[in-house]
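This report refers to the structure that appears directly beneath it.
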Amino acid sequence: MTTESTNVAILKDAYQRWHDSKGASVDHWMSLMTDDINFRSLAQGAAPMTFTRAASSKEAVRQYFSGLATDWEMIYFRTNEFIAQNDRVVVLGDVSFRFRKTGKVACIPKADIHRFRDGKICEFFEFYDTASAASATLI
């Protein structure tokens, strides 16, 4: 098995767990990351999604997951494609989350970029329609 196929297999399993558990597989994700993870989101911590600020440690990433679970309820997280080259894997999918305070649902395409080092995720950057997500937070 190549490094690329190993990294894809790790992520296919992790995303399936994420979808099946409706976002409760945080501990599994944490086990896949390096201690010095560089974790970023397109929203960059902007209100009302302040939990999306950049993180450079596992504890800070755990805070991201905590903020996500507090504010949003996962409806689904579907992966459509895994594209691997060298130490990077891009995951393309579609997600749907309900903002708990308004009950509004955001259904959006999503792209996640992972970089691996020694079999662990050392970088993560998520891209998604931040305007659609933000509009679900408006009363």
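All of the numbers you see were taken from the coordinates with simple rules; none came from a lab. Owing to the predicted nature of the structure, the values given are computational and were not obtained by experimental measurement. Glycine gets a Cβ as well: all are built from the backbone with ideal geometry, and neighbour counts include every protein chain shown.
Just a few scattered comments:
- Test: residue in the range 93-100 that is in contact with a strand residue (DSSP E or B) (Cβ under 8 Å, 6 or more places away or on another chain) and either in contact (Cβ under 8 Å) with a residue 40 or more places away in the chain or exposed (fewer than 13 other Cβ atoms within 10 Å of the Cβ) (or both): yes
- Look at the range 8-20: where a residue is surrounded by 13 or more Cβ atoms within 10 Å (Cβ to Cβ) and a partner is in a helix (DSSP H, G or I), sitting 6+ places away or on another chain with Cβ atoms under 7 Å, you get A14/H28; A14/W29; R17/H28.
- Flag if R117 is in contact (Cβ under 8 Å) with a residue 12 or more places away in the chain, of a type outside the set (A, V, I, L, M, F, W, C), exposed (fewer than 14 other Cβ atoms within 10 Å of the Cβ) and under 22 Å from A54 (Cβ atoms): yes
- Within the range 71-92, being part of a strand (DSSP E or B), among the polar types (S, T, N, Q) and surrounded by fewer than 14 Cβ atoms within 10 Å (Cβ to Cβ) holds for N80, Q85.
- If you go through the range 31-57 and pick out every residue that is touching a helix residue (DSSP H, G or I) at 6+ places or on another chain (Cβ under 6 Å) and in a helix (DSSP H, G or I), you end up with 1.
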